[in-house]
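The structure appears below as structure tokens.
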Amino acid sequence: MRIEGLQGISEGLQTLVNLKELDVKIGYNNSILHEGAKALSEGLKPLINLKKLSLEIGDFNDIGTIGANALGEGLSKLIDLQELKV
């Protein structure tokens, strides 16, 4: 998966506002970088009804501090989240 693919997934996620559970696995060495993590964060923000989230980002995706902070920002919007697996 490349950054563009993650951006497309993010756009689709934004329409699923009633989603209750989500399992995201980004495999080893996809190099999504911080841009991909930011895109994923944008996709998560509207999912305010999400109760369970499993988020697995494999090694060598190089999201760095910027990407990690972006994901944290997205996660902070999930006000109904009851279970998080990272």
Cα-based helix-to-principal-axis angle, 64-76 vs the chain, degrees rounded to 10: 10 degrees
Reviewing [x] 14.0; [y] 12.6; [z] 14.7, the figure for Kirkwood radius over Cα pairs in Å actually calculated from this model sits under [y]
Backbone N within segment 27-56 under 11 Å of label point (7 Å from D62 Cα along the Cβ vector): 30-35
Quick one: putting +1 on the C-beta of Lys and Arg, -1 on the C-beta of Asp and Glu, what dipole do you get for the chain around its Cα centre, in Debye to the nearest 20? 220 debye
Give me L53, L84, L19 ranked fewest to most by other Cβ atoms within 10 Å of their Cβ, as a rough exposure proxy. L84, L19, L53
Which residues in segment 39-55 have a backbone N closer than 15 Å to a point placed 7 Å from the Cα of I79 along the Cα-to-Cβ line? 45-51
Note to self, the chain gives a 222 nm [θ] from helices alone (DSSP H runs n ≥ 4, -39500 (n - 2.57) apiece, / all residues, nearest 500) of -13000 deg cm²/dmol
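None of the figures in this text is laboratory data; all of them are computed from the coordinates on show. Just so it is clear, the structure is predicted and the values come from calculations on it, not from any experiment. Note that we place each Cβ from the backbone using ideal geometry, even for glycine, and neighbour counts take in every protein chain shown.
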